[in-house]
1. Failed condition for residue 482, given (1) of a type in the set (A, V, I, L, M); (2) modelled with pLDDT of 95 or more; (3) in a helix (DSSP H, G or I), with all others met?
2. Looking at (1) at pLDDT 95 or above; (2) part of a loop (DSSP other than H, G, I, E, B); (3) surrounded by fewer than 22 Cβ atoms within 10 Å (Cβ to Cβ), find the lone condition where residue 419 falls short.
3. Of everything in the range 358-400, what is outside any strand (DSSP E or B) and over 20 Å from the mean Cα position of the chain (by Cα)? Give them in sequence order.
4. Among (1) at pLDDT 95 or above; (2) surrounded by fewer than 17 Cβ atoms within 10 Å (Cβ to Cβ); (3) not basic (Lys, Arg), which single condition is residue 164 missing?
5. Count, please, the residues in the range 456-501 that happen to be loosely packed, with under 14 Cβ neighbours inside 10 Å, out of contact with any Lys or Arg (no Cβ under 9 Å at 6 or more places or on another chain) and either on the phi > 0 side of the Ramachandran plot or not assigned by TED's automatic domain parsing to the domain that holds residue 48 (or both).
6. Looking at 113, 153, 148, can you tell me which residue is touching a residue at least 60 places away in the same chain (Cβ under 8 Å) and more than 28 Å from residue 90 (Cβ to Cβ)?
7. Go through (1) under 30 Å from residue 26 (Cβ atoms); (2) surrounded by 24 or more Cβ atoms within 10 Å (Cβ to Cβ); (3) touching a helix residue (DSSP H, G or I) at 6+ places or on another chain (Cβ under 6 Å) and name the single condition residue 332 misses.
8. Quick test of your reading of the structure: residue 266 fulfils all but one of (1) outside any helix (DSSP H, G or I); (2) in contact with a strand residue (DSSP E or B) (Cβ under 6 Å, 6 or more places away or on another chain); (3) not assigned by TED's automatic domain parsing to the domain that holds residue 56. Name the failing condition by number.
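The values are calculated or read from the model by the stated rules, or taken from the named source; none is laboratory data. Since the model is a prediction, treat every value here as computed from it, not as a measurement. Cβ placement follows ideal geometry from the backbone for every residue including glycine, while neighbour counts extend to all protein chains displayed.
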Amino acid sequence: MKASIILAITALLPLTRLTAQDSTAIKAINPADFARHISVLASDAFEGRKPFTRGEDSSIQYLAAQFKQMGLKPGNGNSYFQEVPMVSISSKPSGNLVIKGPNGELSLQYLEDFVAATRRVQEQVTIPTSELVFAGYGIVAPEYNWNDYKGLDVKGKTVIVMINDPGFADSTLFKGRVMTYYGRWTYKFEEASRQGATGVIIIHETAAASYPWKVVRSGWSNSKLHLQTANNNMHRTALEGWITLDAAKKIFQLAGVSPGIMQQARTKGFKPVDLHLNTSLVINNTIKKSTSHNVLAVLPGAKRPQECVVYSAHWDHFGIGEPVKGDSIYNGAVDNATGTAGLLELATAFTRLPQAPARSILFLSVTGEEQGLLGSEYYAGHPVFPMEKTVADINLDVLNTFGRTRDITVIGYGQSELDEYALRAAQKQGRITVPEANPEGGWFFRSDHFNFAKKGVPGLYIGPGNDALGHEPGWGKEQTAAYNRLRYHSPADEFDANTWNMDGMVEDIRLLFDVGYQLSNESSFPAWKKGSEFKAYRK
């Protein structure tokens, strides 16, 4: 049975109560149109929407055509496209990671004990001899009076640091179990580069990282995409890597240091420790430069067109890859054809308003999210609206496919005043907002709004609710868990009109329409809350 027939009989959803004149706009967000966009974007014809493939061409041309048909203006001058120059680097160490010291040497095996790569665009990167220093969490956080690099000169050295932040072990530090950006592995690499280190190696712990070593191993054994830079990323450390916890313990033993040093590093005032060890490594790279594209469309504001509210969603997925049960197309229906379709639904809704909002609305579909949030990182560095004029980013990634819920999840709850906007919109629907169930996983830092946050722009990122209407408690949570377990990042992530219930995602997107509509007609800017690591960036 066709999706249009299935969805035409879907019960009318409650509408967000804005004003009577806005009901036409809200009704434009509907199950049938949602399903139509998803069925196209997640079809085999789009070949999994991988950057630099025919799937990219199909995806970006479809989006541009939809925006043009709606009457939205090109978002990048006269173009709906923004070029995003990228470089693919396939790194492989020439051998084991050998660590030497006065008491002997240790040889760590690639993939089993360590992974290593580089962002430097060179065919070969050589670290001849580099001293090893244990620098705790590798964090410099003035607002928490924490500096693991205090008094330490790491030039020419390789720092070994722990994953997550001190709050994971001590609820009285940082934000307790809620991971801050200081706990993310990307931050560890960035800070080591700022400090001038030659290399940085993160100690993996399953609980603190929120994923097992096999995730690190599989992700780091493949090529990685990075943004091209003028200096070929020579400002970054020559070596970025991870080691297992067992490997770290062996290193400490070789250094004559107690493994308890990691426990000591969780206390304020910890000082870095010179391990009196050194290592050397050669990394061989296969390099390919290419250009991908963001897609941008804008609805100009009626009163303050120089200010904008951004809606974002990533169009990319993994393309054609390793077959699973005979299927090699990674369609990415939930991740993220749903969010991309939601972006088109929101764009349609705003064009149905009787008059344009006061501020401009930018609809931004970005590339390279699956490769490290690259498209949004590029946009944040090359914005069409200055960041100081950008009110907020409302990000769509992996929407609800199992039906309506009494709640909606706000990921990164407590970061900004956008929490209150989401709550008010939810209350109009007779719903509540809840924080994510496991904030120690750092989910706020894993989608495209995060690159806006790093520029000081608050981001709202929602996830499916858990309290599903018409089902027993826990049923909704199990639906999300089943998707993560069975379909996430696999060829099984396909659109199925017979099993998907579109009502939940429609209601969630109507909620986000409400939030953006309110923001677009105000004169104030939502603020970061006290304790947010991004508050200083807005200033």
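1. (2)
2. Failing condition for residue 419: (2).
3. Once the filter is applied, which keeps residues that are outside any strand (DSSP E or B) and over 20 Å from the mean Cα position of the chain (by Cα), the range 358-400 yields 358, 384, 385, 386, 388, 389.
4. Of everything listed in (1) at pLDDT 95 or above; (2) surrounded by fewer than 17 Cβ atoms within 10 Å (Cβ to Cβ); (3) not basic (Lys, Arg), residue 164 misses just condition (2).
5. The qualifying residues number 1.
6. 148
7. Condition not satisfied by residue 332: (3).
8. With (1) outside any helix (DSSP H, G or I); (2) in contact with a strand residue (DSSP E or B) (Cβ under 6 Å, 6 or more places away or on another chain); (3) not assigned by TED's automatic domain parsing to the domain that holds residue 56 applied to residue 266, the lone miss is (2).
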